[in-house]
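Asks: Okay, handing you the structure first.
Quick note: the coordinates plus some simple rules give every number you see, no bench work behind them. A quick note: this is a predicted structure, and the numbers were derived from the prediction, not measured. Here the Cβ positions follow ideal geometry from the backbone for every residue, glycine too, while neighbour counts run over all protein chains shown.
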Amino acid sequence: MENASKALIIAGAILLSILIIGLGITVYNNASSTTGQANLDGQEVSAHNSKFKAYEGRQKGSNIDTLITTIQSNNAEYDDRQISISISTNTTGYELDNNAKADTIAHSVNGNSKTINEVRKAVKTSTTYQVSFKTADNGLIYGCEIKVYSQAGS
């Protein structure tokens, strides 16, 4: 009788330890999947950035329109990879809102807050623009700066 009660206690301890180990694995898996979504690996960053890097440098207005469409599609698809746009339609300075967050992406024309479609309307197809990108510490593009390089007829 004494041996049977000891066997039941040992069996209960084993079942309890299996339950605790299973719970620990579940918590670990949930935590690692959440962390994995927040930290993109190098390949994901490169794949994301490659859609935009082709537009870096001097571009005609028609290419800028395509870039804005690409950014608009990106912002609609990814909540965690939003890109803000800042465009200067004259040769004086401009400023990008570096504090833009995914839920409050700021787009501006000459420093004034605008919707992405208003930014698109500011682009002139006959003008050449200089495009540069702002990147986060992990290399992910989060901002696009567009400024006039030369006006048509200049």
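Asks: Amide H neighbours of Y149 under 5 Å, at least 5 residues apart or on other chains, H built in the peptide plane: list them.
Replies: Here T128, Y129, Q130 satisfy the definition.
Asks: Compute the FRET efficiency between N117 and L23 as 1/(1 + (r/R0)^6), taking r as their Cβ-Cβ distance and R0 = 41 Å, and round to the nearest 0.05.
Replies: 0.25
Asks: K60: which lysines have alpha carbons under 28 Å from its alpha carbon, excluding same-chain residues fewer than 8 sequence positions away?
Replies: K51, K114, K121, K124, K134, K147
Asks: I would also like to ask the following. Each label point is 7 Å from the Cα along the Cα-to-Cβ direction; what then is the distance between the points at A4 and D79, in nm?
Replies: Inter-label distance under the simple model: 5.7 nm.
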